[in-house]
1. May I ask which residue of C:33, C:199, C:162 lies farthest towards the positive end of the charge dipole of region C:3-221, with charges of +1 (Lys, Arg) and -1 (Asp, Glu) on Cβ and the Cα centre as origin?
2. Where the only charges are on Cβ atoms (+1 Lys, Arg; -1 Asp, Glu), what is the dipole of chain C about its Cα centre, to the nearest 20 debye?
3. Hey, can you rank A:86-93, C:94-101 by average C-beta count inside 10 Å, highest first?
4. Using alpha carbons only, what's the Rg to Rh ratio of the protein assembly as shown with Rh from Kirkwood?
5. Of the peptides A:138-151, B:31-44, how do they stack up when ordered by the mean number of other Cβ atoms within 10 Å, highest first?
6. Could you give the Stokes-Einstein D for region A:24-139 in µm² per second, using the C-alpha Kirkwood radius, 10 °C, 1.306 mPa s?
7. Per the Debye formula with a single identical scatterer at each Cα and no solvent contribution, what log10 I(q)/I(0) holds for region A:114-161 at q = 0.33 Å⁻¹?
8. Sort D:222, C:114, D:123 by Cβ crowding within 10 Å, fewest neighbours at the top.
There are 4 protein chains.
Amino acid sequence: MTLKAIKKEVYEANLELVNRKLVIYTWGNVSAIDRVNNLVVIKPRGIEYEDLCAEDMSVVDMEGNLVEGRLLPSVDLDIHLEIYKNLESVGGIAHTHSTWATAWCQCGRGIPVYGTTHADHFYGEIPCTRQLTKEEVKGEYERNLGRIICDLFKGRDPLAMGAVLTAGHGPFTWGKDAKAAVEHSVILEELAKMAKLSLDIAGGNCPLLPDFMTEKHYTRKYGANSYFYQSK
Amino acid sequence: MTLKAIKKEVYEANLELVNRKLVIYTWGNVSAIDRVNNLVVIKPRGIEYEDLCAEDMSVVDMEGNLVEGRLLPSVDLDIHLEIYKNLESVGGIAHTHSTWATAWCQCGRGIPVYGTTHADHFYGEIPCTRQLTKEEVKGEYERNLGRIICDLFKGRDPLAMGAVLTAGHGPFTWGKDAKAAVEHSVILEELAKMAKLSLDIAGGNCPLLPDFMTEKHYTRKYGANSYFYQSK
Amino acid sequence: MTLKAIKKEVYEANLELVNRKLVIYTWGNVSAIDRVNNLVVIKPRGIEYEDLCAEDMSVVDMEGNLVEGRLLPSVDLDIHLEIYKNLESVGGIAHTHSTWATAWCQCGRGIPVYGTTHADHFYGEIPCTRQLTKEEVKGEYERNLGRIICDLFKGRDPLAMGAVLTAGHGPFTWGKDAKAAVEHSVILEELAKMAKLSLDIAGGNCPLLPDFMTEKHYTRKYGANSYFYQSK
Amino acid sequence: MTLKAIKKEVYEANLELVNRKLVIYTWGNVSAIDRVNNLVVIKPRGIEYEDLCAEDMSVVDMEGNLVEGRLLPSVDLDIHLEIYKNLESVGGIAHTHSTWATAWCQCGRGIPVYGTTHADHFYGEIPCTRQLTKEEVKGEYERNLGRIICDLFKGRDPLAMGAVLTAGHGPFTWGKDAKAAVEHSVILEELAKMAKLSLDIAGGNCPLLPDFMTEKHYTRKYGANSYFYQSK
């Protein structure tokens, strides 16, 4: 994929966040990585989506230096870079402050597996990071946030859990590319809403989906024995 | 009705789920049955609605063999087939993961009759299945889910209760044809929302509609003495 | 106003319920009365809005006899007639199953005055009827529902309280004409939502607006000393 | 900025409230001040937005006398004037009855800082006024409401907290101009919703964002060391 194609993909993925009503104003950003050339394409900081075009996307190297484009990259760049460095199968990342997922973040709680809708897309509870310490915030804030996200994924397959909640902040999602990352943002928001409503109906005590159901629904869609799609 | 007409009906019913915002991505499927020729028409598996046309609908026989079309049928086909085999007055079936109805499913709770809006369309509490056992899930999963749905309807008129919740999964609705099945999905979602809000306002203890009101409202619309429509 | 003009007004008021998302399918009806000729114009029963035009509106006399039009009037006609007979300043009536207002109905609870948004439009708590008895339901059901609504308004100015909730059913609203009735349906739905959310935030114990605030806000908009509009 | 330009800005800001679904009917108003000539431009009272054009905006002096235009200013004018007189950096004010923010008002509760979405825009808890006394309501009601709002902001930078809740009523927001005021209304509504959902998920006991996080996120966007935007 050419850099030009990746810029278009990242631009369209950013717009999709707005169209899906997950983002207002400048509240979100999507990036993608070119693993061959180690370049990251990301939305520029502090500019509304309607004022951007594909060519405006910022291109940076793995140290965050601007390589192409005249606009500074998203202030959340270092979070994205940290994830790309540590989770090597990730090709695209999306960050939003979508309403229902952010509410779970604000409570500092992961989203348990309450149903097959969840299990169809995320293998297990969607984890929530710990709160950063004062020192971590005063230091390299964004990089440290990326670090504690990655700490949660040591030894895990990031493509089987393409979402994380950050305590007191908002969700990050990822996938094989920018489009997949945004799809995970859309699905996460829906799951966050369903989970909250389930909690309410159940009086705070919603039953977990049995593990064998999670296993069944996830493997029905992904992996060697999947049969959810027309072909693998 | 010709097979071509049924395919068109099923295709449009699938789109209606999207238009009514009950389905995103590939989260749902509608089917209809040709009772004369024992053929079932259903959405193909794992394809988004915007990429489909009426001719793409899969046609299968009662054993699930593909009779017409080049695309594999929905992975939920066996659930549909089981329902068609056991509930003979059913002509169309819809399955969604609509937000509010799925929240009730995740709690494993049926939706009680809290008002006449419910009684106008469903005669009694909308039942929720039990959770499947590990053995049932490891075996013929989809068929077993169909079976425990049908177990709930033994000796009942399925057209007087055109909806069921499946524990930890999502709702299935049906009716005399695909269009009626989708209408039941729309109405179920609205009832699920109203019931949840009622529970909240009532502090978890919402009064049930008296049985004589359910009787009145249902028979006002359906059966020998109905007077809700222009003609019977 | 000619009968033709009233039919147009009633037709448009019915459509407005759909446009404001208070009604799906056939769930609602609006009427208006010609007080000079004692004729009531109302939506026909059991027909979806998209299949109707202004000329299709049913015209009945005060005993419910069809005077003009080929379509039977709404099954809820007798409720409307009872209100027109007892509340003489009412010129138009709307009935919906709008989500949030219906949730309050299902709980059998009136909506307390929690804020000035409420006081700007309804003078005091929006009342909820009692549940009908088995005998009242088996007898003249719709007329009896109209009667218990009117019982709540004995000695009250119906234009100062243009809404009522019916237990286990849905809201009725009214005003000087069909358009005003529909505006009250829209506002009631918004108030029902605000009140429910307020209850939740306050942990079930939301403070009532002081009476002097209700008085102030209502009289700021209506009556001899009002100053809310450009002219009285 | 010419008066004509301010009128256009105020008109468009009023429309934006409708487009963002924060206002129905006449439920809201926006104003802006010309600090050079001490003139305030505000929406006329009791007229729906679709019936207005930019030239219809009312222009008043600091005592509320109509200086230009044929339409009386919003009944809430004195609240706006009081704020302009006391909070000198304010250039535009918006008032709505937006659903979720109004629910917090009705509870008489400020919105705590539960997350960075909040800290990105408002520095600290969004305060709620006390309820007015009977005497204050019977007297100069609107001016008194303006006064108790300003009491909360003595010694504070109003541009660091561009929103206030009024007990039993609705929110007011402000900023450097009318557009900024409306943006704060949009963001406040989103925060009010997130905060309410967080409260529910947390069972009424949502953790506050640590102060060092509020500090970090606010100063990342505003002030001498900010780096959120392309340039300062």
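1. After comparing all options, I get C:199.
2. Details: 26 positive and 31 negative charges, 100 e Å.
Charge dipole of chain C: 480 debye, to the nearest 20.
3. Details: A:86-93: 20.4, C:94-101: 26.4.
Taking the mean over residues of other Cβ atoms within 10 Å, the ranking is C:94-101, A:86-93.
4. Numbers: Rg = 29.1 Å, Rh = 29.8 Å.
For the protein assembly as shown, the value is 0.98.
5. In decreasing order of mean packing, A:138-151, B:31-44 become B:31-44, A:138-151.
6. For the chosen part, D equals 99 µm²/s.
7. -1.19
8. Placing the least packed residue first, the sequence is D:222, D:123, C:114.
Laboratory data are not the source of any read-out in this text; all were calculated from the coordinates shown. No experiment lies behind these values; they were computed from the predicted model shown. All Cβ positions, glycine included, derive from the backbone under ideal geometry; neighbour counts span all protein chains shown.
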